[in-house]
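Below: the structure, in structure tokens.
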Amino acid sequence: MVDATIDKSVPPSGPGCVECERSGGWWYHLRRCATCGHVGCCDTSPSQHATAHWKATGHPIMRTYEPGENWFWDYRSREAQRGPHLADPQHHPMTQTVPGPADRVPADWQSHLH
Ligand SMILES: [Zn+2]
Ligand SMILES: [Zn+2]
């Protein structure tokens, strides 16, 4: 996929969801914005910050931030895509748990998923 909204030079914002880190929340899987590098939590997560980032900014393409995955998602067409190699790192630290972060995931986490 070639798209003007993708900036391959921007590194991810950090190892965890920006908004969950701020609020003390937790996530299931992580997504990375292909425009600005914002890392947000997936739609299965309690707070769905990756989709909220698309709605707030209009940045239309995200990439999985999970180890071993390399797909992109276009919110406009609602289709999975292939995409270019973005700036490292490609995924959250391997030491990070799923769900994570470990010290903030409640015992009944499964009942909070979407
Ligand atoms: Zn989040
Ligand atoms: Zn963005």
His29 vs (1) more than 25 Å from Ser111 (Cβ to Cβ); (2) within 13 Å of ligand 1 (Cβ to nearest atom): all pass except (1)
Residue ID - farthest from ligand 1 (Cβ to nearest atom), chosen from residues in segment 6-17 that are over 18 Å from Thr95 (Cα atoms) and open to solvent by less than 40 Å² (accessible area, probe 1.4 Å):
Ile6
Quick count over segment 38-94, residues being at positive phi and among the basic types (Lys, Arg), is 1
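To keep it simple, each residue is scored yes or no on (1) open to solvent by less than 70 Å² (accessible area, probe 1.4 Å); (2) of a type outside the set (Gly, Ala, Ser).
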site: Cys42; (1), (2): yes, yes
site: Ala52; (1), (2): yes, no
site: Pro67; (1), (2): yes, yes
site: Arg76; (1), (2): no, yes
site: His92; (1), (2): yes, yes
site: Gly100; (1), (2): yes, no
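The values are calculated or read from the model by the stated rules, or taken from the named source; none is laboratory data. On a predicted model such as this, the values are computed, not experimentally measured, just so you know. Neighbour counts are summed over all protein chains in view; Cβ atoms, including those assigned to glycine, are modelled from backbone coordinates with ideal geometry. What goes into the accessible areas is simple: the full protein's heavy atoms, side chains included, and nothing from ligands, DNA or RNA. Shrake-Rupley method; radii C 1.70, N 1.55, O 1.52, S 1.80 Å.
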